[in-house]
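Taking it in order: structure first as structure tokens, then the write-up.
Just so you know, all these numbers are worked out from the coordinates, no wet-lab data involved. Not measured: the values here are computed from a predicted model. Neighbour counts are summed over all protein chains in view; Cβ atoms, including those assigned to glycine, are modelled from backbone coordinates with ideal geometry.
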Amino acid sequence: MRKSIVYTLVACLLLAAMPYSVTADETEDIPTNAAATGIHDSLVAALTHADLVGALSGSGPFTVFAPTDQAFVDAGIDLANFNTPELNATLVDILQYHVLAGASVMSTDLTDGQTAEMLNGDSATFTVADGTVMIDEATVVTADVVASNGVIHVIDKVLTPPADLSDIPTTASATGIHTALVAALSQADLVGALQAEGPFTVFAPTDQAFSDAGIDLASFDTDEENATLATILLYHVYSGAVSAADVTDGLTVTMLNGQDTTFTVSSDGVMIQDATVTTADVMTSNGIIHVVDQVLIPPSLSDDDDDDDDEDVPTPEELLSITDTDENGGMSLDEFNAFMNDDDEGFPQSVLDDFAEIFGNNDADESGELDLSELEQFIAEIDAYMIAMEEGPNDIPTVAQQTGIHESLVAALAAADLVTALQAEGPFTVFAPTDEAFANAGIDLESFDTEEELAALSNILLYHVVAGATLSTDLADGANTVTTLNTDELTITVSDGAVTVGAEAAIVTIADVTASNGVIHVIDKVLTPPVDPFEGIDCAATVGLTSNGYGFTPSVVRIDPGQTVCWSWTDATMGHNVKQVDGFESTTYVDGGVTSGQPATTVAFHHTFTENQTFYYGCEPHISMKMHGQVVVGDGGVQPAADTKDTEDAPGFVASSMMLAILGAVLFMSRRKNQ
């Protein structure tokens, strides 16, 4: 009896020592091998249902990405639902998207970012990182299972073929926000043209944009007016496919109506003329759609509109009849006429342009009266600078002091000990906030009473100074980025002749005031240097948003324990956040888990990971769109089992090995008993 127990234990040890999987039978085809695994019953049933078993039993070679039974369950695929020819065609399309025909592609042959055309004609994308292979969103859990007519890679998800794309008009009509655009294309007889092969790039105004523009299609009731409508619409179309990433700041292109338009690219996004691209890179079968928030007006039509607007501009006499009553003293009519008409007056032409712009923007309010407060202040600033310039050329601090509207600036320069620096040879370009700008910013110089606070004041002031003398005429249309004396970058934007500065969009009210050592531009706001939200934080990886706003980039980061990941985006078109979920692409949030808080368009969030783990997270507003990411810390929290060996064996091919082990144990026991 004791010997029997010993023999049984020995047999169990033999069984335990046997590997739980063996190499697939290389003499059998792919369907046969899949049927033998025990984890691909759903796949084999689907292939049978779709009448694809014979095709995949052919000579091939094929590379098959084989979802497990669990993957089919997770995908909610019930073969009983595929009960019509149309639905079966859909099933065929899905299954063929898992097959690469004409080659046996081993996992070592794949590279990160590689794309391949699958058997259904769609392209799939591979990700290869740190020994892990993915196809689309599915992970290869067992690679390189060799069959007689190809190779199998086991994956953990059912792949979904890309949706078939529609042409531009069809895509626009399906959005629900381009009803007016589609109606306009139809009225102008342009639908057929935009269904052609292309490709085209269309900047598609929303229904709200058409409403804001006051476009009433019923008013286009003659051939001439419909030709004008066609001109407007074709000014929104470029011949060729241009993604948002291909657009550069200041880029000028010719639209299909034959007229040019210009792009502005800044940290705030992409603009075409004055319209902002709110949604970029909507792919169609014959091009790309970018959604914009305004209707674009061709230059040939906008010029006429400008002429009409000039009729509402107040005359100099109307302006001065009020400014002359200002107790502080305005310009007299003679002074104004001399100022406007005398080229030798000596004051920069840009001031006259600013003056005319304020004139044009000062529309009547609801009471029918003009709001002249802005005009009066502007003329007061002009007076101050004219007085200062009569004193002759002086250095920048002296000119600022003489104006009478920069007392706060001069006092701040003195407090920060920067007066002498700005009296140096230079040249410098100074964006000079007025006293009112300092008051609006709530800057109290008495509060800067420590070395740290004075250093902060100096940083603010130096953010208003650029090395070199830059006139407004030196700036290109669009965004111009310069480096200020505090080493931060400052954006100066020129649009339709107006100049704005910084994130605050401070308006240059008087430009090109020359001093002996540079040039001064008067602005109506104090500029605030950009703040590094991660100052003092060592970000091992920084995650942002994809260009379309529906993904994190990079979506997967790998760090070591103790390192910090930062999430950062500014002025996104939609609110986003980071919220921990309980698994890969899960929609279940972890109670008390890591989160950046409520969704926001600007986020600066960081978290330090102290232990080996895989941290899964999603964007709460877009969780249903699979906006997920993951952080793999160290080994990802997966500890390898002892004595684990690398193998190319396929899981599930264990029946024969178990039988052999059991048979060996029985024979061993029988032989010992007979001895």
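Its Cα centre serving as origin, the range 168-298 has a Cβ charge dipole (Lys and Arg +1, Asp and Glu -1) of approximately 320 debye. Each label point was placed 7 Å from the Cα along the Cα-to-Cβ direction; for ALA213 and THR608 their separation is 5.4 nm. Between amide H atoms placed 1.01 Å from N, distances below 5 Å from ALA147 occur with ILE152, all of them 5 or more places distant or on a separate chain.
Where the centroid of each part is defined by its Cα atoms, how far is the range 618-639 from the range 195-225 in Å? Using only Cα atoms to place each centre, the spacing works out to 42 Å.
Taking 0.36 nm per residue of sequence separation and removing the Cα-Cα distance, the THR170/ASN486 pair yields an extension gain of 108.6 nm. For the range 58-69, backbone phi angles converted through the Karplus equation (6.51, -1.76, 1.60; θ = phi - 60°) give residue-by-residue couplings of x, 5, x, x, 10, 10, 10, 9, 9, x, 6, 4 Hz, Gly and Pro being listed as x.
The convex hull defined by the C-alpha atoms of the range 30-155 has an orientation-averaged projected area of 7.2 nm². The Cα trace of the range 391-523 gives Rg and Dmax of 14.1, 44 Å, the first to one decimal, the second as a whole number.
For the range 551-556, the Karplus equation 6.51 cos²θ - 1.76 cosθ + 1.60, evaluated at θ = phi - 60°, returns couplings of x, 8, 9, x, 7, 10 Hz by residue, with Gly and Pro reported as x. Once amide H atoms are built 1.01 Å from N in the peptide plane, which residues 5 or more positions from LEU251, or in another chain, come under 5 Å H to H? Residues meeting the amide H criterion: PHE263. Our coupling estimate for the range 250-259, obtained by passing each phi through the Karplus curve with A = 6.51, B = -1.76, C = 1.60 and θ = phi - 60°, is x, 4, 10, 10, 9, 7, 5, 7, x, 10 Hz, Gly and Pro reported as x. Ranked by the mean number of other Cβ atoms within 10 Å of their residues, highest first, the peptides 59-71, 147-159 come out as 147-159, 59-71.
Order the peptides 166-177, 512-523 from the highest to the lowest mean number of other Cβ atoms within 10 Å of their residues.
Details: 166-177: 17.7, 512-523: 22.2.
Descending packing order for the listed peptides: 512-523, 166-177.
For the range 521-644, the percent of C-alpha pairs falling in each 5 Å distance bin, counted from 0 to the bin holding the largest distance, reads 2, 10, 19, 21, 18, 11, 7, 4, 3, 2, 1, 0, 0, 0, 0.
Between PHE584 and GLU425, what FRET efficiency follows from the Cβ-Cβ distance if R0 is 60 Å, with the result rounded to 0.05? Could you put the intermediate results ahead of the total?
Numbers: r = 62 Å, r/R0 = 1.04.
With R0 = 60 Å, the Cβ-Cβ based efficiency is 0.45.
Between ASP122 and TYR550, the contour length at 0.36 nm per residue exceeds the alpha carbon distance by 151.9 nm. Taking amide hydrogens as placed 1.01 Å from N in the peptide plane, the amide H of ALA515 sits under 5 Å from those of ILE520, each at least 5 positions away in sequence or on another chain.
Out of all DSSP beta bridges with both ends in the range 30-155, state the antiparallel percent to the nearest 5.
Values: 17 of 23 bridges.
Here the share of antiparallel DSSP bridges comes out near 75 percent.
Rg/Rh for the range 168-298: what does it come to with C-alpha atoms and Rh from Kirkwood? Reported Rg/Rh, Kirkwood definition of Rh: 0.93.
In the range 24-45, whose amide N lies under 20 Å from the spot 7 Å out along Cα-to-Cβ of ALA80? List them in ranges. Counting only backbone N, you get 41-45. When peptides 584-590, 449-455, 92-98 are sorted by average Cβ neighbour count within 10 Å, with the highest value leading, the order is 92-98, 584-590, 449-455.
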